[in-house]
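Report on the following structure.
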Amino acid sequence: MRLFQVFNLAKDYLILGVMGLVFIGVVYLIFFRKILKNHIEFDIKRVVVFCMLFCYVIVVIGATIFVRPGVYEHANLHLFSSYIEAWNNYSKAYWRNIILNILMFVPMGFLLPLFNDRFKKFYFSFGVSFLFTLGIEVTQYITKRGIFEVDDILNNFLGSVIGYCLIMIILLVVSKEDIKWKSIKLVLCILPIVLIIGAAFKITNDYNTQKFGNLSCNYNYIYDMSNVNLSSDVELNDGNTDKKKVYTSNKRNYGEYNIISQKEAYDRLKSGKFNSYELYNINSIIVRSIELQYKMDSKGFYQPVYQFECTIDGQGRPIFIPALEGVN
């Protein structure tokens with residue numbers, strides 16, 4: 001989802017949230033004050049934070065549930081698979097989805113401690129954030145308006161941690177707490193943010209320093225092959241490691257590198273190390289042929305890959321296994 005689409009969704013559901021607040025205000029004025037003659041003293045700061053939280057929750061629920069059609073039927077329980085997929089493709093679109101899922105829950109962690117002092121205790125704040133994101137994922141699964149993904153829960157939780165740490169840093173800086181305890185708490189709040197930034201820097205540095213780019217056809221998680229009937233109609237070459245050229249994007253020869261054998265590539269397929277491309281329930285795979293092809297990686301190099309022409313549950317589909325030695 002692009003940023004302008006996110007802003008448009010936020011704008012639409014923000015209006016709905018404001019309308020909800022107006023409705024709550026009208027109910028209070030008519031029912032509580034005029035009929036029940038019950039006047040409640042409000043803390044202005046808490047009322048403002050409540051309004052912000054209410055609108056935020058409406059926007060998040062609208063953007064994650066109601067904007068989608070009810071066509072999804074699956075769950076992705078593979079932790080970090082979205083990160084591996086983003087790494088394999090290494091494109092802005094994939095990383096943007098992860099970053100947006102993290103940023104979406106920063107306001108939750110930021111606003112809760114401002115709403116009530118109880119949420120200054122991290123276990124209350126994190127507990128509510130976790131239950132909220134879990135509720136969204138479960139609702140998506142039940143209503144089929146999204147895929148239940150553990151990575152979404154992780155990313156949302158990381159966002160709430162960032163938001164909580166940011167507001168607690170601000171509150172600690174302006175507080176008159178003993179300098180010793182304040183310093184310890186500040187370090188504990190700064191540490192998660194530093195670790196997250198450090199992890200992002202390491203991913204970027206590792207990618208920039210490696211010789212070749214990443215292949216989108218590489219697997220995001222190991223597929224469970226225990227119930228899959230796998231067979232092959234071809235005789236696989238189990239010879240010694242061969243050498244094949246790697247080309248630049250303009251087809252100029254870059255160099256020769258070792259590749260794995262056909263048998264090794266088949267063993268990777270057999271162990272579930274292939275990109276299933278959203279095939280969640282595979283019953284049978286029949287390998288019809290295998291040949292060496294070239295695919296462009298994320299840095300513009302053409303790398304050798306084995307293309308297995310297969311019949312998967314009665315339909316013809318290819319499976320690609322990276323052929324360069326050292327690419328698992």
- Note on the structure: Partner lysines whose C-alpha sits under 29 Å from that of Lys263, ignoring same-chain residues fewer than 8 away, are Lys211, Lys243, Lys244, Lys245, Lys251, Lys273, Lys295, Lys299
- Message: Please report the accessible area of Glu325 (heavy atoms, 1.4 Å probe, ligands and nucleic acids excluded) in Å², nearest 10.
- Response: 100
- Subtract the Cα-Cα distance of Val174 and Asn229 from 0.36 nm times their separation in residues, and report this length gain in nm to one decimal. 13.4 nm
- Query: Using the heavy atoms of the protein chains alone and a 1.4 angstrom probe, what is the accessible area of the range 182-280 per residue in square angstrom?
  - Reply: 62
- Express the accessible area of the range 281-321 per residue in Å², computed with a 1.4 Å probe while the remaining protein chains stay in the model. 44
- The set of cysteines in the chain having no other cysteine's C-beta under 4.7 Å reads Cys51, Cys55, Cys217, Cys310
- May I ask you to evaluate 6.51 cos²θ - 1.76 cosθ + 1.60, the Karplus curve with θ = phi - 60°, for each residue of the range 211-224 and list the ³J(HN,Hα) values in order in whole Hz, giving x for glycine and proline? 5, 10, x, 9, 9, 5, 7, 5, 6, 8, 7, 7, 6, 6
- Query: Got a sec to turn the phi values of the range 175-180 into Karplus ³J(HN,Hα) couplings, 6.51 cos²θ - 1.76 cosθ + 1.60 with θ = phi - 60°, whole Hz, x for Gly and Pro?
  - Reply: 7, 9, 5, 3, 4, 5
- P(r) of the chain in 20 Å steps, Cα pairs, percent per bin? 24, 45, 24, 6, 0
- Surface/4 of the Cα convex hull for the range 118-211, nm²: 8.7
- Specify the angular offset, from 0 to 90 degrees and rounded to the nearest 10, of the alpha carbon long axis of helix 44-61 from the longest principal axis of the alpha carbons in the chain. 30
- Message: Going by Cα centres, the range 136-187 and the range 265-328 are how many Å apart?
- Response: 39
- Query: For the range 61-119, what is the accessible area per residue in Å², given a 1.4 Å probe and the full set of protein chains?
  - Reply: 54
- Item | Rounded tilt (10° steps) of 106-115 against the dominant C-alpha axis of the chain | 20
- Query: At what distance in nm do the modelled label points of Ser183 and Ile222 sit from each other, each positioned 7 Å from its Cα along Cα→Cβ?
  - Reply: 4.7
- Neighbourhood net charge (14 Å Cβ-Cβ; Lys/Arg +1, Asp/Glu -1) for Met168: +3
- Task: Please sort by residue number the trypsin sites (Lys or Arg not before Pro) in the range 88-192 whose DSSP state is loop and whose Cβ has at most 12 other Cβ atoms within 10 Å.
- Result: Lys121, Lys176
- Table column - 3J(HN,Hα) (Hz), the range 266-274, Karplus curve with 6.51, -1.76, 1.60, x for Gly and Pro: 5, 5, 5, 4, 4, 8, x, 8, 8
- Task: Kindly express, to the nearest 10 degrees and within the range 0 to 90, the angle between helix 92-103's C-alpha long axis and the longest C-alpha principal axis of the chain.
- Result: 30
- At a 1.4 Å probe radius, carbon and sulfur cover how many percent of the accessible area of the chain? 62
- At 222 nm, what helix-only mean residue ellipticity would the chain give, in deg cm²/dmol to the nearest 500, using -39500 (n - 2.57) for each DSSP H run of four or more? -16500 deg cm²/dmol
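The values are calculated or read from the model by the stated rules, or taken from the named source; none is laboratory data. Please read all numbers here as calculations on a predicted model, not as lab measurements. Here Cβ is always computed from backbone atoms with ideal geometry, including for glycine, and neighbour counts include all displayed protein chains. Ligands, DNA and RNA are stripped out before the accessible areas are found, and what is left, the full protein with its side chains, is counted by its heavy atoms. Shrake-Rupley method; radii C 1.70, N 1.55, O 1.52, S 1.80 Å.
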